[in-house]
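> Provided herewith is a single structure, encoded as structure tokens, for subsequent inquiry.
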Amino acid sequence: MTLALERDSAVLPALEIAPRRFTFAEFERMSDAGLFADEHVELLDGSVFVKGMQSPRHSYAITTLTEKMLFLFQGKASVAAQVPLLLNAPPPDFLEPDIMLRNLPTSSYATRSTTSADVLLVVEVSDSTLERDQNEKLRAYARNNIPEYWILNLHLQQLEVRRDPSGEDYLETRKYKVGQSVATLEFADVPLEWWV
């Protein structure tokens, strides 16, 4: 963004305004200092995003899908809703996906954050965040080799399934409509009725 100022009919030199990017260490220090005490925030590509208030539809979708996954994957994987995920590939990101399917045992996460090596699947429920989920978050998950990324698009009532990460993208994309169940890569024999 360029900003030119006028003063007494003279134009001052244009100023380049660039966003301030933060490292994970800076983000962590701000968090430890209580800067985000009452907010859910994410660090994505060096930018800090405040997670807005969820609509009832968004909350319902997260809750319902989490309950279905807890039932289906009990004893097979750890299901986590809106817990921190540390992605180490440069630039480091610190996200709170709506739902994650992680390796067992769940107790292993008592003293450390979940990292990309732990994750089998990330699910983002999207309404107002759809553009970010389909772009910046997709790139972050792909470059960190998250094997499977699902976007539950509430606008279209459609599930976008991304698989086979390569660089900052996924090589495979499939879209499922209401009534079409889907299985995860890790548990191909467990169909999930994802619609809510």
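> Less than 12 Å Cβ to Cβ from M100, Lys/Arg counted +1 and Asp/Glu -1: what total charge do the surrounding residues give? Numbers along the way, then the final one.
Values: positive: R102; negative: E96, D98, D118, E124, E148.
Spelling it out: positives minus negatives among the neighbours equals -4.
> Given labels modelled 7 Å from the Cα in the Cβ direction, how far is it in nm from S108 to F49?
2.8 nm
> Please state, to two decimals, what the Cα-based radius of gyration of the range 68-128 comes to when divided by 2.2 N^0.38 Å (N = residues).
Scaled against compact globular proteins, the figure is 1.12.
> Expressed as a rounded percentage, what relative contact order does the range 54-177 have, with Cα pairs under 8 Å and six or more residues apart?
Numbers: 229 pairs, mean separation 22.1, N = 124.
For the range 54-177, the relative contact order is 18 percent.
> State the answer as a single residue: which of L120, A80, L192 lies farthest towards the positive end of the charge dipole of the chain, with beta carbon charges of +1 for Lys and Arg and -1 for Asp and Glu, about the Cα centre.
L192
> Right, next: For the chain, how many pairs of lysine residues have a Cα-Cα distance under 18 Å, where the two are 8 or more positions apart or belong to different chains?
4
> Send over the semi-axes of the range 95-196's equivalent ellipsoid, whole angstrom and largest first, taken as the square roots of 5 times the C-alpha gyration tensor eigenvalues.
21, 17, 14
> Let me ask another. Averaging the inverse of every distinct alpha carbon separation and then flipping it gives the Kirkwood radius. What is it for the chain, in angstrom units?
When all Cα pairs of the chain are included, the Kirkwood radius is 18.3 Å.
> With n ≥ 4 as the cut-off for DSSP H runs, can you work out [θ] at 222 nm for the chain, using -39500 (n - 2.57) per run divided by the number of residues, rounded to the nearest 500?
That calculation yields -6000 deg cm²/dmol at 222 nm.
> Once amide H atoms are built 1.01 Å from N in the peptide plane, which residues 5 or more positions from S47, or in another chain, come under 5 Å H to H?
Hits under the 5 Å cutoff: F22.
> Please compute the net charge surrounding A140, taking Lys and Arg as +1 and Asp and Glu as -1 over other residues with Cβ under 9 Å from its Cβ.
-1
Read-outs: derived from the displayed coordinates by stated rules, not from any lab. Computed from a predicted structure; not experimentally measured. Glycine gets a Cβ as well: all are built from the backbone with ideal geometry, and neighbour counts include every protein chain shown.
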